[in-house]
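A short worksheet on the structure shown next.
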Amino acid sequence: QNEEKWDFVLVSDIHEMGSEKEIKRNKFLDELSKKGFTIKKIEDTKLFYGVRAPQHIFWKYQCLQRKADSRQQNSSAHEDVPETTRIRIVNFILRNTVTSDLEKLHDLMKKKVFEAAFPLHKEEEIREILKDKWARWGAVFKEQPIKEIRCYFGEKVALYFAWLGWYTYLLVSAALAGLVTVVAGTTVFSSSQVSKEICDANTTFMCPLCDQNCSFWVLSDTCTYAKITHVIDNEATVAFAIFMAVWATVFLELWKRERATVVTKWNLHTWDEDEEELALQLINNLQHEPRQYQHSYLRSTIILILALLLILLLIGIAHMLVIYRVVAMALFTQSQVNLLSKHANTMAVMTGAVLHYITIIITTKVNRRMALFLCDLEKPRTLSQQENSFAVKLFIFQFFTHFSSLIYIAFFLGRINGHPGHYVRIAGRWRLEECHPSGCITDLCIQMAIIMALKQTISNIMEYLIPFISHQLRKKRNHPKKKSMMLGEEEEAEDPCKRQWLNNYELNEVNVFSLFNEYLEMAIQYSFTTIFVAAFPLAPLLAFINNVIEIHMDAFKMMQLHRRMVPRKAKDIGIWLQVLEAIGTLAVIGNGLVIAITSDFIPVQVYKYMYSPCARENRTGMDCSTGYINSSLSVFRIQDFEPHTKVPPEFKGHQIKECRYRDYRNADDYTYTVQFWHIFAARLAFLILFEHVALCVKLIAAWYIPDVPQRVKNTILCDKHKNLRDEL
């Protein structure tokens, strides 16, 4: 049984005798034989080479580990090396073996000498445990078997699932808070004075929303919209935004504690990545010289400039979407189809969001290429540095891809479009969009809901379907009908390895970035759940539902549809922790800006305390926001319209001399009123106050919760003490 344990399998096409590819292949296999590897060849539709490393390689590794970690001096006998370590060492040696033509496995794979190299999924009991406790739908709400995941896939994968499980677990509180906010909006705040005034305003004539074919309209037409807006835009949202800023901090602090506990349990807290890499290099080749650290200011400058150019391009794409919506709105309103012309605004927003989703898919591919290119320019020293550098770049590009149009809707929409008689136009023709009379926050909410729902459902379905279908296709392709039976020859006994190797070969390929993609997806999702959460309080709930499905889909993919990942050692989630911390800080700024600028929270408060009947006449019996709608609409005289604006002078039998629009301007010369400046000052003051309070609370939370639990610190302390005493 022991004889048949193979660490790795190399797959190659059957090349002609004496061809260049065959010579290269044999040179590589000879190099492995020189290092003492056992190689077994099985021929089928492809050539399979099983590779087993000699025992002395692992002994060297254990010896170097013991020197590095002096605590295990008592274990001088050769214990068995864990399976994950075996695979990791063999993988390193295979990737770094150089043939006499100075080619490595990577180059040979590019030249199609070898087609694939992978470790095997083995039928061990640990695999059965994982299938039973983890990779099936029945185990959805059970705790993940992190220990078994570590023993089968290595620490890096185990830490990813530990982090994802922890994040999902803590999302419960955020999702509940979001639900409470929405429920409060539908019950407590549903009878709000502001939406009541909009619904009663059937004599308030509003200015047309476009230049041609648009008539005046009555404010009370938007009654339903105003009620929906108030579900999101009320006092509860402010509290929820502060809660989410604190939640983001507490989540990361608690994760650091969880990580410290897990890593100490695995005895990895003293492990050093550089030392590990040097040890493997020396085991592979004693003459190896380490690559020095390098840094070039010229390279960094070039990378910075190229990255900024790409970011500008991404912002430009967001502008194109804005222009699309403006033009679509103009075309829809002039359309003959009644449904289109009536709901022109909603149609423009909806199609805009779908278009946005399509651009996200396309730009993602461009971003990936660009990030890889910049990463190669930077020339990082080790694999993990390369991953970190790639992660940061790709995350920043993806962030702008997803968020630039949301940032426009939240902070610019309806604020840069001028006023009747003096509109800002694109190419001198099309008017920029306006916000809805009941505020811009609903537009932001619709956009977020569509992107989040679409992105999560579609990406989950694709993430599962593509590997599933390609696995089925590979199976069909690699199962030729047995021909020997037809000729009446007796079938030779099939090698037991053959079936296992073929099954593994039929699974989908995994690459270095398989785990990386999962992290990236979660980081973007975390941004959606925290940054503009004030506009869409249900975001954490959607994220929670998605993650519960995601964990088990990933588990199923890794166990059943993908080849085994090469296990990697790690003692934290790498650069992603810094990325998440940066998102946490952005969340404070983002939510502060949403409440200060996007929502109507501040204008209503300013009106209540400075301009309302309560402030003027000290009346206590009435609602202080009475009359707010009237004060937030300015008056415009019809004769001042631009020459090419065609509006019918009559509307529902009324002769109209003036119309209303949403702004704070004087009726005579259209300059800003004093109230506008009051609100502007209040917005700024609120923003500064909110940011500082939220950041202070974040800092206090970070100080209050220690990164490493005392129990873990004490364990490490006792270990050190014991070792020193034993030395003496």
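The values are calculated or read from the model by the stated rules, or taken from the named source; none is laboratory data. These figures come from a predicted structure and were not determined experimentally. Note that each Cβ is placed from the backbone with ideal geometry, even for glycine, and that neighbours are counted across all protein chains shown. For accessibility, only protein heavy atoms count, side chains too; no ligands or nucleic acids. Shrake-Rupley method; radii C 1.70, N 1.55, O 1.52, S 1.80 Å.
Computed from backbone phi with θ = phi - 60° and the Karplus coefficients 6.51, -1.76 and 1.60, the 3J(HN,Hα) list for segment 638-650 is 4, 5, 8, 4, 5, x, 8, 8, 9, 10, x, x, 9 Hz; x is used for glycine and proline. Each peptide among 57-67, 703-713 gets the average number of other Cβ atoms lying within 10 Å of its residues, and from highest to lowest they stand as 57-67, 703-713.
Rg/Rh for segment 8-120 (Cα atoms only, Rh after Kirkwood) is 1.06.
Amide hydrogen proximity for His562: with H placed 1.01 Å from N in the peptide plane, the residues at 5 or more positions away or on another chain lying under 5 Å are Asn508.
About the Cα centre of the chain, how large is the charge dipole given +1 on each Lys and Arg Cβ and -1 on each Asp and Glu Cβ? Please answer in debye to the nearest 20. Intermediate results must be reported in sequence, preceding the final value.
Numbers: 84 positive and 78 negative charges, 75 e Å.
Here the chain has a charge dipole of around 360 debye.
Computed over segment 364-414, the range of Cα coordinates on each principal axis works out to 49, 17, 13 Å, biggest value leading. Can you give the angle from 0 to 90° between the axis of helix 344-378 and the longest principal axis of the chain, with both taken from C-alpha atoms, to the nearest 10? Relative to the chain, helix 344-378 is tipped by roughly 40 degrees. Reported to the nearest whole Å, the Cα centre-to-centre distance from segment 658-712 to segment 245-311 is 37. For Thr673, nonlocal amide neighbours, meaning residues 5 or more places apart or on other chains whose placed amide H falls under 5 Å from its own, are Arg665, Asn666. At q = 0.12, 0.13, 0.16, 0.28 Å⁻¹, what log₁₀ I(q)/I(0) does segment 298-359 have when each alpha carbon counts as one equal point scatterer in the Debye sum? Ignoring solvent entirely, the Cα scatterers give -0.43, -0.47, -0.59, -1.05. Between segment 15-68 and segment 312-351, the alpha-carbon centres lie 61 Å apart.
Only helices enter this figure: runs of n ≥ 4 DSSP H residues, each worth -39500 (n - 2.57), summed and divided by the residues of the chain, yield -20000 deg cm²/dmol at 222 nm to the nearest 500. Amide H contacts under 5 Å for Ile656: Phe651, restricted to partners 5 or more places along the chain or on a different chain, H placed in the peptide plane at 1.01 Å from N.
Applied to segment 15-24, the Karplus parametrisation 6.51 cos²θ - 1.76 cosθ + 1.60 on θ = phi - 60° returns per-residue 3J(HN,Hα) values of 8, 5, 4, x, 6, 4, 5, 5, 4, 4 Hz, with x for Gly and Pro.
Using a Förster distance of 60 Å, how high is the FRET efficiency between Ile358 and Leu717, based on the Cβ-Cβ distance and rounded to 0.05? Once the sixth-power term is evaluated, E becomes 0.60. Simple rule: put +1 on each Lys or Arg Cβ and -1 on each Asp or Glu Cβ in the chain, find the dipole, and look at His343, His721, Gln605; the Cα lying farthest toward the positive end is His721.
From the alpha carbon gyration tensor of segment 577-728, can you work out the equivalent ellipsoid semi-axes (sqrt of 5 times each eigenvalue) and give them in Å, largest to smallest?
Numbers: eigenvalues 707, 79, 28 Å².
They are 59, 20, 12 Å, listed from largest to smallest.
Taking Cα atoms, how many degrees apart are the long axis of helix 674-704 and the longest axis of the chain, rounded to 10 and kept between 0 and 90? The answer is roughly 30 degrees. Could you work out how far helix 223-232 tilts from the main Cα principal axis of the chain, as a 0 to 90 degree angle to the nearest 10? So the helix axis and the longest Cα principal axis differ by about 50 degrees.
The lysines within cross-link reach of Lys652, meaning a Cα-to-Cα straight distance under 29 Å and a gap of 8 or more places when in the same chain, are Lys196, Lys227, Lys342. Summary of the geometry: segment 428-481 and segment 621-649, compared by the centres of their Cα atoms, lie 40 Å apart.
Ranking Val424, Leu473, Tyr661 by Cα position along the charge dipole of the chain, where only Lys, Arg, Asp and Glu carry charges on their C-beta atoms, puts Leu473 farthest toward the positive end.
In a reduced charge model with +1 at each Lys and Arg Cβ and -1 at each Asp and Glu Cβ, segment 175-265 shows a dipole moment near 680 debye about its Cα centre. For Lys646, a cut-off of 17 angstrom between C-alpha atoms picks up these lysines, skipping any fewer than 8 places away in its own chain: Lys657.
Of all lysines in the structure, the ones whose alpha carbon falls short of 25 Å from that of Lys27, not counting any fewer than 8 places away in one chain, are Lys5, Lys35, Lys40, Lys41, Lys46, Lys104, Lys110, Lys111, Lys112, Lys498. Ligands, DNA and RNA left out, the accessible area of the chain computed with a 1.4 Å probe is 62% carbon and sulfur. Computed over the alpha-carbon atoms, segment 587-646 gives an Rg to Rh ratio of 1.19, Rh here being the Kirkwood radius from the mean inverse distance. Taken about its Cα centre, segment 8-120 carries a charge dipole of about 400 debye when Lys and Arg each add +1 at the Cβ and Asp and Glu each add -1 at the Cβ. Dividing the alpha-carbon radius of gyration of the chain by the rule-of-thumb value 2.2 N^0.38 Å gives 1.19. Specify which residue in the list Asn96, Phe48, Ala117 is farthest towards the positive end of the charge dipole of segment 8-120, using unit charges on the beta carbon of Lys, Arg (+1) and Asp, Glu (-1), about the Cα centre. Selected residue: Asn96. Using a probe of 1.4 angstrom and keeping all protein chains present, the accessible surface of the chain works out to 50 square angstrom per residue.
Of the peptides 83-91, 35-43, 642-650, how do they stack up when ordered by the mean number of other Cβ atoms within 10 Å, highest first? Spell out each step's value before the answer.
Working: 83-91: 20.6, 35-43: 14.2, 642-650: 11.3.
In decreasing order of mean packing, 83-91, 35-43, 642-650 become 83-91, 35-43, 642-650.
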